[in-house]
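Engineer: Here you go, one structure.
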Ligand code: TLP
C-alpha cells in the first residue's frame, strides 16, 4: 500500500529525473566557486527571481537567517509578522545568530496595518534600537497569498525610511501562481528573497537567496560563517535546476487537489474548513475534540499508512504535494470515516 503524507510539501520525494541528474552532475568545489552545476543554478535562479545574483543555502530557515545576518547589525530591531515562520519556527535563531531584537507586527494572513508599520519604524532617540529590516512572507503560512499591491505599499514605506525588506518566499511560486503573475513581479518589492526548492518543487534539499551582487557576496561569506559552505554541492544543484525548470508549472495540480481535499473534508461531521484561506496547497480546518479526536485520528491514520500532523495553534493543516493524487485524497477520506465510525 502506498504511504501517504499530508504533513507538508517538505516531504516530497525527488523525481526520477532529479535522481538521474544528481547521479550524473558535473561538480567542483563550490567554496572555491568551482562547481559548474551550482553556478548554473545560481545564475538561473537570479534571472527567474529578477535579481542580480543568487546563493544556494541548505534550507529555508538558513536562507532567512543568513539574509537577516547580512542586512542587519547586532542590536538592530527587525519587524516581522507575529505569525511568521521566522518568529514561530526558526528556534529564535535571529536573536542567537544576528543578535537582533525581533519586534512583531500583527498580521491578518501576512497583511499588516500600514499605519501600525509606519509607527513601528524607530526614529532618532538615544534609547531606541535602529530598525534594520522589515520582513514579509508570501505565500503566508496560513495558506493565504499577500496581494501584490500590499507588498508594494510595505516596500515603499520601508524604502522611504532607507530600510531593506526581506521576503520569506518559501512558497513564492505557489503565491505567484495564485496571483496569476510571474515570480519576479513579487520579488520587485523586496531587497532579498528566500525561496525553497525542497517543498512543492520536490528537490531533496536546498533553498535560494537572491538579491543584489553586493548583498549576495556578503551573504556568501555569512553562509561560510554559519558553516554552510558546501563543497561538491552541484549534486544538490542538479536537482535544484530541475525543480526550477520542470516543477513550477505543475503546482496548479497541488492547488486544485487542495480544493478537492477541502470539499471532501466537508463530508465529515463537525469539520469547519477555513475556505477563505484556500489559496495554495494547504487546507486548514477546525474541529472539536469530540467530533475529531486528535490522537485517535493521527494514530488511526498512521496505522493505515497515512501521516498527518496534529493540531497546531488550534488548527489542523493538511497539505497536498506532488506525491498526493486525487485517489489518495479519496483514500484519506474513507480512512477518516472508518476511524470516526469505530
Ligand atoms: N515550513 C515547514 C515547517 O517548518 C512549519 C512546513 O511544513 O510548512 N518559511 C516558511 C514560510 C516555511 O513554511 C518554511 C518551512 C520555512 C521558511 C523553512 O524552510 P526549511 O524547512 O527548508 O528550513
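Engineer: Could you please let me know if residue 40 is in contact (Cβ under 8 Å) with a residue 60 or more places away in the chain, outside any helix (DSSP H, G or I), away from the ligand (no atom under 14 Å from the Cβ) and surrounded by fewer than 17 Cβ atoms within 10 Å (Cβ to Cβ)?
Structural biologist: In short, no.
Engineer: Taking residue 242, is it assigned by TED's automatic domain parsing to the domain that holds residue 191, closer than 29 Å to residue 145 by Cα and at pLDDT 95 or above?
Structural biologist: Yes; evaluated as a whole, the condition is true for this residue.
Engineer: Still on this structure, please answer the following. When the residues of the stretch 303-312 are filtered to those that are within 14 Å of the ligand (Cβ to nearest atom) and free of Cβ contacts under 8 Å to residues at least 60 places away in the same chain, which remaining residue is surrounded by the most Cβ atoms within 10 Å (Cβ to Cβ)?
Structural biologist: 311
Engineer: While we're looking at this one, here's another question. What number of residues in the stretch 277-300 are crowded, with 17+ Cβ neighbours inside 10 Å and more than 23 Å from residue 143 (Cα to Cα)?
Structural biologist: Residues that pass the stated criteria total 1.
Engineer: Shifting gears a bit: Could you say whether any residue in the stretch 225-233 is within 16 Å of the ligand (Cβ to nearest atom), assigned to a strand (DSSP E or B) and either in contact with a strand residue (DSSP E or B) (Cβ under 6 Å, 6 or more places away or on another chain) or on the phi > 0 side of the Ramachandran plot (or both)?
Structural biologist: No: zero hits.
Engineer: For the stretch 164-185, give me the residue count where each residue is away from the ligand (no atom under 14 Å from the Cβ) and either modelled with pLDDT under 95 or assigned to a helix (DSSP H, G or I) (or both).
Structural biologist: Counting residues in the stretch 164-185 that are away from the ligand (no atom under 14 Å from the Cβ) and either modelled with pLDDT under 95 or assigned to a helix (DSSP H, G or I) (or both) gives 7.
Engineer: Looking at (1) under 30 Å from residue 133 (Cβ atoms); (2) within 16 Å of the ligand (Cβ to nearest atom), which is the only condition residue 11 fails?
Structural biologist: Result: residue 11 passes all but (1).
Engineer: Applying the selection to the stretch 164-181, what residues are in contact (Cβ under 8 Å) with a residue 12 or more places away in the chain and out of contact with any strand residue (DSSP E or B) (no Cβ under 8 Å at 6 or more places or on another chain)?
Structural biologist: 174, 177, 178, 179, 181
Engineer: Would you be able to say whether some residue in the stretch 251-261 is over 28 Å from residue 1 (Cβ atoms), modelled with pLDDT of 95 or more and in contact with a strand residue (DSSP E or B) (Cβ under 6 Å, 6 or more places away or on another chain)?
Structural biologist: Looking through the stretch 251-261, none of the residues is over 28 Å from residue 1 (Cβ atoms), modelled with pLDDT of 95 or more and in contact with a strand residue (DSSP E or B) (Cβ under 6 Å, 6 or more places away or on another chain).
Engineer: Can I ask one more? When the stretch 150-163 is examined, which residues are found to be assigned to a helix (DSSP H, G or I) and in contact (Cβ under 8 Å) with a residue 12 or more places away in the chain?
Structural biologist: Matches in the stretch 150-163: 150, 151, 152, 153, 154, 155, 157, 158.
The values are calculated or read from the model by the stated rules, or taken from the named source; none is laboratory data. Fair warning: this is a prediction, and the values are worked out from it, not measured in the lab. Please note: Cβ atoms are built from the backbone with ideal geometry, for glycine as well, and neighbour counts cover all protein chains shown.
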